[in-house]
Structure formats: C-alpha cells, structure tokens
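Reading through the structure tokens given below for one structure.
The values are calculated or read from the model by the stated rules, or taken from the named source; none is laboratory data. What you are looking at is a predicted structure, and each value in this text was computed from that prediction instead of being measured. Cβ placement follows ideal geometry from the backbone for every residue including glycine, while neighbour counts extend to all protein chains displayed. For the accessible areas, the whole protein counts, side chains as well, though only heavy atoms, and no ligand, DNA or RNA atoms are used. Shrake-Rupley method; radii C 1.70, N 1.55, O 1.52, S 1.80 Å.
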Amino acid sequence: VNALGLSWKTVGRLIVGDLIRRAVFGVRDAFFEAADAAEEFQLRVARIDAIVGDLNFGELEEQILGLSTALARPVDEVGEALFEAFQNDLGTTAETLKIVEGAANDLALITGGTLTQSVNALSSVIKAYNLDLDEAQGTSAIFFNAIDNGRVTLDELENSLGTVTGLAAAAGVD
C-alpha cells in the first residue's frame with residue numbers, strides 16, 4: 001500500500017465508498033424490481049377482471065393476495081392459476097375460487113407441481129366430461145395416484161390431458 005503512495009486510511013475509505021455505492025445501487029435495483037412486480041400484478045388482475053364480471057378490480061386484488069397468503073404461494077403463481085381457472089370457465093367466481101383453493105392446491109402440493117398445472121389438469125377433465133365441480137377433489141386424487149404409480153409428472157399429465165380428454169370424451173371413453 002505504501003509503495004503506491006496510499007495509506008491504509010485511504011484504502012479503507014475507498015472500500016467503504018465502494019460498499020456504499022453497491023448498497024445504493026442494490027436499493028435502486030430493488031425499487032425497480034418492486035415496480036416491475038407491481039406492474040405485472042396489476043396486469044394479471046386486469047386480465048382476470050376482463051373475464052370475471054361479479055368482482056371489481058379491488059376485490060380481485062384482495063382475493064389474489066388473500067389466496068397467495070392462505071396457500072403460501074407466490075402472488076404471480078396464484079394470479080396465473082386464477083386467470084387460467086376463470087378462462088376455463090369452471091363455474092361461478094365462488095366455485096372457481098373454491099377449486100383453486102381446494103383440489104388444485106392439494107394436487108399441486110402433493111405432486112410438487114404448480115397451481116396453474118393443477119388448475120389446467122383438473123379443468124381439462126371437468127370440462128371434457130362435464131363433471132360436477134364437487135368432483136374436483138376426487139379427480140385430484142385420481143391424478144395423484146396416476147403420478148404416484150407412474151413415471152409421469154403433473155406437468156406431463158397436464159399437457160397430455162389438454163390434448164386427449166376432449167377426444168376421449170367425444171369417443172365415449174370414461
């Protein structure tokens with residue numbers, strides 16, 4: 001240090017200055033990330049709002065945030081799953097929320113899949129076979145058994161069901 005003409009005090013100041021600079025940029029970046037996340041959340045709510053007619057924007061925000069907390073899942077995952085569930089037109093708003101919070105969440109937890117994968121898998125069968133929404137929990141149990149006993153993931157099951165269930169139901173396969 002002395003060979004460069006710097007004292008230890010100067011080196012210490014440089015290090016502290018660099019640490020402060022990094023901290024300030026870190027805080028700035030966190031603000032930008034928070035703003036991006038807030039914008040994405042608002043877009044998700046707006047997409048759901050375009051589909052759902054019986055809740056206003058504020059109520060939808062509360063539902064998504066409340067479900068996220070209750071299910072211990074990220075807000076974006078819950079928002080995406082709700083969008084898919086409402087887009088799949090499973091039933092009333094209350095029925096759709098019940099399926100997402102119940103059968104879909106249970107299936108996602110048990111299989112390690114996402115809430116959206118669970119919603120889509122359940123929706124495929126419920127819609128193709130015109131099942132009563134109360135049968136969602138039983139359908140979820142059947143999916144778990146298929147995943148548990150086979151070499152298939154929820155992601156693979158979801159993708160296959162989306163393609164096959166409509167054809168199978170039309171062909172009369174139970």
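Side notes on the structure shown:
- Residue within the stretch 63-70 that is free of Cβ contacts under 8 Å to residues at least 24 places away in the same chain and within 11 Å of the chain's Cα centre (by Cα) present: yes
- Qualifying residue in the stretch 133-141 (condition: closer than 20 Å to G91 by Cβ, modelled with pLDDT under 90, of a type in the set (D, E, K, R) and loosely packed, with under 14 Cβ neighbours inside 10 Å): yes
- A85 fulfils the conditions (1) over 30 Å from F143 (Cβ atoms); (2) among the small types (G, A, S); (3) buried (at least 18 other Cβ atoms within 10 Å of the Cβ) except for a single criterion, (1).
- Residues (among the small types (G, A, S) and in a loop (DSSP other than H, G, I, E, B)) located in the stretch 66-86: A72
- Boolean, A37 is touching a residue at least 40 places away in the same chain (Cβ under 8 Å), assigned to a helix (DSSP H, G or I), open to solvent by less than 80 Å² (accessible area, probe 1.4 Å) and not acidic (D, E): no
- The listed residues are D49, D29, and the only one of them that is at pLDDT below 90 and assigned to a helix (DSSP H, G or I) turns out to be D49.
- Those residues of the stretch 88-100 which are in contact with a helix residue (DSSP H, G or I) (Cβ under 6 Å, 6 or more places away or on another chain) and either open to solvent by 20 Å² or more (accessible area, probe 1.4 Å) or aliphatic (A, V, I, L, M) (or both), in sequence order: N88, L90, G91, E95, I99, V100
- Test: residue in the stretch 65-77 that is open to solvent by 90 Å² or more (accessible area, probe 1.4 Å), of a type outside the set (K, R) and at pLDDT below 90: no
- Set side by side, the residues L122, L90, L97 differ, and just one is in contact with a Leu (Cβ under 8 Å, 6 or more places away or on another chain), touching a residue at least 12 places away in the same chain (Cβ under 8 Å) and outside any helix (DSSP H, G or I), which is L90.
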